[in-house]
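No lab work stands behind these numbers, since they all come straight from the coordinates. What you see is a predicted model, and the numbers here were worked out from it, not measured in a lab. All Cβ positions, glycine included, derive from the backbone under ideal geometry; neighbour counts span all protein chains shown.
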Amino acid sequence: MRHLDRHRACERRLVERLWDGVARIRQLRPFGRPPGKCRVGILAVVTITGHPELEWVPLLRARNVIARGGLHCSPGVHEQLGVLDKGSLRLSVGQYTSMDDVDRAVAVLGEVSDTMAELHA
């Protein structure tokens with residue numbers, strides 16, 4: 001049980017750092033339950049500009065950050081958020097993710113955000 005508790009605590013710290021980093025990026029808005037005890041290591045993000053799957057994902061992957069874009073089997077939630085037409089961007093952390101990985105992903109998300117702002121200005 002101690003191993004599982006350590007794993008959950010580590011995942012919680014990672015997703016908190018990811019949430020905090022994403023929340024500071026102008027073109028992104030994290031949604032869902034804020035980080036805390038009852039949160040898993042998946043973060044869904046609404047992109048203010050650009051299409052998550054068609055624009056964000058390829059630019060992120062080109063920089064070695066893996067993310068998924070789309071409706072993620074939850075069109076009702078996306079409809080409530082007003083993004084049924086494009087869905088959201090989803091990132092996740094796990095036991096092999098480091099704080100450096102999260103920091104790098106946030107930095108790349110910031111770069112892609114700047115690119116999206118320029119493309120859609």
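Assorted remarks:
- Toward the positive end of the charge dipole of region 2-119, with +1 on the Cβ of Lys and Arg and -1 on the Cβ of Asp and Glu, the farthest Cα among W56, G36, L91 is that of G36.
- Per-residue ³J(HN,Hα) for region 30-39, Karplus 6.51 cos²θ - 1.76 cosθ + 1.60, θ = phi - 60°, Hz, x for Gly and Pro: x, 9, x, 5, x, x, x, 5, 9, 10
- Alpha-carbon centroid distance for the pair region 41-71 / region 75-114, whole angstrom: 6
- Residues listed by number, region 41-73, amide nitrogen under 19 Å from A107 label point at 7 Å toward C-beta: 59-67
- Shape category assigned to region 2-119 from the gyration tensor of Cα positions, a/c cut at 1.5: oblate
- Amide N proximity, region 66-86 versus F31 label position 7 Å along Cα-to-Cβ, cut-off under 14 Å: 70-86
- Amide H contacts under 5 Å for H51, placed H, 5+ residues apart: W56
- The HN-Hα couplings worked out from phi for region 77-90 by the Karplus form 6.51 cos²θ - 1.76 cosθ + 1.60 (θ = phi - 60°) are 5, 5, 5, 4, 7, x, 10, 4, 6, 10, x, 9, 9, 10 Hz, whole numbers, x standing for Gly and Pro.
- ³J(HN,Hα) computed for each position of region 43-48 - Karplus, 6.51 cos²θ - 1.76 cosθ + 1.60, integer Hz, glycine/proline x: 10, 9, 9, 8, 8, 6
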